[in-house]
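First the structure, in the form of structure tokens, and then the observations on it.
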Amino acid sequence: MHLVSLAVTDFRNLASTRIELDPRGTTVITGLNGAGKTSLLEATAYLATLQSFRGAPKEALVRRGSEQAILRAETVVEGRTLTLEAEIQSTGRARTQVNRQGVRRRADLHEALRVTVFSPEDIGVVRAGPSDRRRFLDETLAVVDPKEARSAEDVDKVLRQRGALLRTSGRTLGSEAATTLDVWDSRLHEAGNRLVEARERLVDQLVPLAGEHYGRLAGRRTDVGLAYVRSWQGSLLEALAAVRDRDVQRGVSTVGPHRDDLELTLDGLPARTHASQGEQRSLALALQLAAHELATSRLGTAPVLLLDDVFSELDPHRARALLEGLPPGQTMLTTAQPAPPEVVAARIYAMADGGRLEPAPVDR
């Protein structure tokens, strides 16, 4: 699988641009901050995930003053050319197609385009709250095993319905509402258990890989710990029954996969509170490298790697270690400064304001 070309219209700060990529090598996009380099990677990732890796709502992806953004890409999968198209509306629902066939969920895109994203914001996986760590697990699961990842979509749907019922209950459940809540609790129990078990299996697979990558990035052997922490004990259905009165009073679901966490430790100490910024950044990168390696191993081919200005945050040792830890495959790399000499560019583009791209010479 590789990305052949990407055309973008009215996406973020990009008015109109088109890029052709090297099928197996590294395509470098240079330019000043604010020129639109990250937006180009974000557009690529959207076509694979149906969401922004920066967490932006879809309406924020449409360029100011425009009614819709248009994305179009061509990929080659096992010798077959596929066309991916997305229309993102400033108001209303977005639409995505693969070879003119409508796509309703992310799993439908799995065979057409897969990506792994590295960005300076990845440090939030270590430093920020549990939601960032859950998102990392679910994003990795969606690439590694889209069937398992559907459980996350099912849980989200159930939680929305359960939350709506709790909010409209007026802190008092009538018999009819209680019966309906029983149904949602049962569905949350089923979907939640599937999701949590998939997350726990994923964590077990990531632990040794993350340890290896962290050791290379940090330049020393360190005990890297990853432990999945549930927000309940025993049966989820029984836990939901135990907190029902509290949930009704608060109008929210207080236990379930959406309240779980991934505990990260270095030499037995919590990384969030005891690690230095350099250690936190190395751990965040190690986790992403582990996810990328696992996806490559499981799928037999590497996802398209999107490196968004990561070298601005890394010292020379970590930059070299990052590059050495990447499996062969297609890469898109953005930088506002010269990339490390270890980066072997197959194609280089210079980006000006508005997304205008100009090919630049490649040193051979």
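Rounded to a whole number of µm²/s, how large is the Stokes-Einstein D of the chain at 37 °C and 0.692 mPa s, given Rh as the Kirkwood radius over C-alpha pairs?
So the translational diffusion coefficient is about 150 µm²/s.
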- prompt: Mind ordering 83-89, 127-133 by average Cβ neighbours within 10 Å, highest first?
  reply: 83-89, 127-133
message: Can you tell me what percent of all Cα-Cα pairs in the stretch 122-302 are more than 21 Å apart?
response: 53 percent
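Based on other C-beta atoms within 10 Å, arrange THR273, THR49 from fewest to most.
Lowest to highest Cβ neighbour count: THR273, THR49.
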field: DSSP beta bridges in the chain [antiparallel fraction, %, rounded to 5]
entry: 70 percent
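Can you sort TYR228, TYR214 by how many other beta carbons sit within 10 Å, fewest first? Each step should come with its number before you reach the end.
On the way: TYR228 19, TYR214 25.
If I rank by nearby Cβ atoms, fewest first, I get TYR228, TYR214.
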- prompt: If the cut-off is 19 Å between C-alpha atoms, which aspartates and glutamates fall inside it for LYS157, apart from same-chain ones fewer than 8 positions away?
  reply: ASP108, ASP138, GLU139, GLU148, ASP182, ASP185, GLU190, GLU197, ASP247, ASP260
- prompt: Tell me, ARG95, ARG320, ARG150 in order of fewest to most beta-carbon neighbours within 10 Å?
  reply: ARG95, ARG320, ARG150
Cut-off 17 Å (backbone N to label point 7 Å along Cα→Cβ of ALA178), residues of the stretch 216-237: none
message: To check my understanding: the extent here is largest minus smallest coordinate of the Cα atoms along each principal axis. What are those three numbers for the stretch 58-170, in Å, largest first?
response: 53, 33, 29
field: Potential extension, ALA336-HIS317 segment - 0.36 nm per residue separation minus Cα distance
entry: 4.9 nm
field: Reachable lysines from LYS37, criterion Cα separation under 26 angstrom, eight or more residues apart if same chain
entry: LYS58
task: Work out the length of the dipole vector of the stretch 122-302 about its Cα centre, built from +1 on the beta-carbon of each Lys and Arg and -1 on the beta-carbon of each Asp and Glu, and round it to the nearest 20 debye.
output: 400 debye
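No value in this document is a laboratory result; all are computed from the given coordinates. A quick note: this is a predicted structure, and the numbers were derived from the prediction, not measured. In this analysis, Cβ positions are derived from the backbone assuming ideal geometry, glycine residues included, and neighbour counts consider all displayed protein chains.
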